[in-house]
Amino acid sequence: MMASGTSGNVEIPRTCKAGVVVNEGPDFKLVVDDVTVPEPGPNDALIKLNATGICYSDIHYMLNDLPIPKMSVFGVRSPGHEGAGVIVKLGSNVTNWKIGDRAGIKPAYDACFNCELCWSGKETYCDESPQIGLHFPGSYQQYVLSPARYTTRIPDGVDDFTAGPIMCSGSTIYCSLKESGLKPGDWAVFLGAGGGVGHMGVQLAKAMGMRVVGVDGGDDKRELCMKLGCEMFVDFTEVQDIAAEVVKTCDGKGAHGVFVTATSGSAYAAAPMMARISGKAMCIGLPPTGTAVAGADPLLIIGKNLSISGTKVGSLLDTQRALEFAARGLLKPIYETYPLAKMPDAVEKLRKGNVAGRLVVDFNS
């Protein structure tokens, strides 16, 4: 490939490889193709990614099963929102980054930083917070743009294959744990504990001093969850009344917090039944439109003084905090690595739900 420009001593190609979606919708396919390397605007950083995680939100975007416009409406072909790499070119106004700095991108692309939500650490809910991989080309593309002010620094001691998944999954579950208000010694139950978000929640909750119960299906996920710090694992393929089993495990009273990282209607229906008096059901996993309801009969919610809350991906600060746990050795995404050429296989594997932990694509293999 011929170089289109350089920055410092970094040669930047005209095109790069990317996973691009074909035939958006229920019969979508992902193919690896060449795309044009974007040119940074005055306030942007151009990042050469070394790794990207594969998240089920990407599958939602390609399936078009959420109540949002299609990727193609915005001219986007590559999803992805949890990448890590190095800065190779900077816009003319950028002074707080330099070429070669390690950087990560997360689901929120930017924010206005001039509203109450941004000022209070809720910038991912800002009206001017578009999504990378939906409104802008995402981390399935090796060279991506990121507004310099909303790019995350990756700390020393955290490799790109660890940092990538933390940009979304780690940040998301850290935010939910923080907002739950759970304390050391409280019971935290994760529905979908062996998945990409859930297995990081298990580690973070353990590191925060909580007592952790994992709910998922299969021996692989049981082994992973117990290894990462669960006191108990409940296999939904073997246990008929999952909620009763969880309540029995949690002192016979139920969980202080139930974190629904799964996306099934049955998981959302079971969560309030697992919570104790004054417990919290935290809604995290994104079900396809119309397939799940978060909540229960008002008599149950009133009688148990339950709180039901939803949380999106974390703020800039939440992401930094999650990375700090990783730097201290307390958060380590468990992942299977795929070469770039096999990205379509990784997407298909996740779509089928056959993943314990996370799948990460190595752009350099």
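The values are calculated or read from the model by the stated rules, or taken from the named source; none is laboratory data. From a predicted model like this one, the values you see are computed outputs, not experimental measurements. So basically every Cβ, Gly included, is an ideal-geometry build from the backbone, and we count neighbours across all protein chains shown.
A search for C-beta distances below 6 Å between a residue of segment 92-117 that is part of a loop (DSSP other than H, G, I, E, B) and any residue that is of a type in the set (Phe, Trp, Tyr) and at pLDDT 95 or above, counting only pairs 6+ apart in sequence or on different chains, returns Tyr109/Phe136; Asp110/Tyr150. Could you tell me whether segment 316-329 includes any residue that is surrounded by 15 or more Cβ atoms within 10 Å (Cβ to Cβ), outside the structural domain of Ile277 (by TED's automatic domain parsing), touching a helix residue (DSSP H, G or I) at 6+ places or on another chain (Cβ under 8 Å) and among the polar types (S, T, N, Q)? Yes, there is a match, as at least one residue in segment 316-329 is surrounded by 15 or more Cβ atoms within 10 Å (Cβ to Cβ), outside the structural domain of Ile277 (by TED's automatic domain parsing), touching a helix residue (DSSP H, G or I) at 6+ places or on another chain (Cβ under 8 Å) and among the polar types (S, T, N, Q).
Among the residues of segment 32-65 satisfying the criterion of being touching a residue at least 40 places away in the same chain (Cβ under 8 Å), of a type in the set (Val, Ile, Thr) and part of a strand (DSSP E or B), which is surrounded by the fewest Cβ atoms within 10 Å (Cβ to Cβ)? Residue satisfying both the conditions and the ranking: Val32. Scanning segment 347-363 for residues that are over 20 Å from Tyr61 (Cα atoms) and modelled with pLDDT of 95 or more turns up at least one hit. Taken over segment 265-316, residues that are aliphatic (A, V, I, L, M) and assigned to a helix (DSSP H, G or I) amount to 11.
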